[in-house]
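Below you'll find the structure, written out as structure tokens, and then a few comments.
The values are calculated or read from the model by the stated rules, or taken from the named source; none is laboratory data. Small disclaimer: the values here were computed from a predicted structure and weren't measured. No Cβ is skipped: glycine too gets one built from the backbone with ideal geometry, and neighbour counts run over all protein chains shown. Surface areas here come from the heavy atoms of the whole protein model, side chains and all, with no ligands, DNA or RNA. Shrake-Rupley method; radii C 1.70, N 1.55, O 1.52, S 1.80 Å.
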Amino acid sequence: GEPGRIAEGIAKLNLRFAVITCVTRDDLPDGGASLMAETIRAIHQRCPETGVEVLCSDYAGNEAALQSVLEAGPEVFGHNLETVERLTPMIRNKANYRLSLEILSRASAWAARHGGRPRIKSGLMLGLGESEQEIRQALADLRQADVEIVTIGQYLQPGKEQCPVVRHVSPEEFKHWEQIAEQEFAFKKAVCGPLIR
């Protein structure tokens, strides 16, 4: 009943746009994709004017799982790269940088065959010890995967067991990355700032 309850909550709040995410469900054969797809459909049925963005896992590369989410018709498909390639094994110990790019590329190709919908989005966090060149490479890799929208935010240490913050990025530097992403790398939209997610 969760998809219906989410749709009803969105209706009660009269939301024009909703972002749906979930915990990683590697214990399920489809990684939870069928529930994500059902939730998208429930929102569109109950609230046809509400736009839906999904923030998905890599579904362990499962093509059928990815396709089921895309076929449900979200307006935005998001999967976060999170960090640069060198730091990925330390920050995302169950994820793979290249697989994330492949998922984004597959979603982009699917969207291109279906009238440009959904729009494809990804995000990075700064403050983990990445270099400027590594950030540029991650942006280049995302554009190579035809990602249209990028977010860049500040990494915040969620708990004592997680990696510490190496540095706090200034608002001016975030503005700098926003300009680079849009002007040099031609993202359709870049949203960058300390609390951007």
Using a Förster distance of 25 angstrom, determine the FRET efficiency expected from the C-beta separation of Cys163 and Lys188, and round it to 0.05.
0.20
How large is the accessible surface per residue of the chain, computed with a 1.4 Å probe and reported in Å² as a whole number?
53
Label-point gap, in nm, between Glu172 and Glu134 - each point 7 angstrom along Cα→Cβ:
2.4
Taking the Cα centre of the chain as the origin and placing charges on Cβ (Lys, Arg +1; Asp, Glu -1), which of Leu55, Leu28, His176 is farthest toward the positive end of the dipole?
Leu55
Provide Rg over Rh for region 137-179; use the alpha carbon set for both Rg and the Kirkwood Rh (inverse mean inverse pair distance).
1.06
Largest-first ellipsoid semi-axes for the chain, taking √(5λ) over the Cα gyration tensor eigenvalues, angstrom
28, 18, 18
Of all the accessible heavy-atom surface of region 29-164, with the other protein chains kept in place and a 1.4 Å probe, what percent is carbon and sulfur?
50
Calculate the spin-label point distance for Leu28 paired with Asn62, positioning each point 7 Å from the Cα along the beta-carbon direction, and give it in nanometres.
0.8
Please report, to two decimal places, log10 I(q)/I(0) for region 30-108 at q = 0.12, 0.27 Å⁻¹ as given by the Debye formula with identical point scatterers on the Cα atoms and no solvent.
-0.36, -1.25
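What percent do you get for the relative contact order of the chain when only Cα pairs under 8 Å and 6+ apart count? Working shown, then result.
On the way: 333 pairs, mean separation 31.4, N = 197.
The value is 16 percent.
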Beyond 29 Å (Cα-Cα) in this structure, taken from Lys12/Lys94; Lys94/Lys160; Lys160/Lys188, we find Lys12/Lys94; Lys160/Lys188
DSSP-loop GluC sites (Glu not before Pro) across region 101-197, with at most 15 other Cβ within 10 angstrom:
Glu161
Proportion of all alpha-carbon pairs of region 97-160 beyond 18 Å (%)
42
Pick from Val76, Val84, Val166: which is most flexible by mean-square fluctuation in a GNM of the chain where alpha carbon atoms under 10 Å apart are linked?
Val166
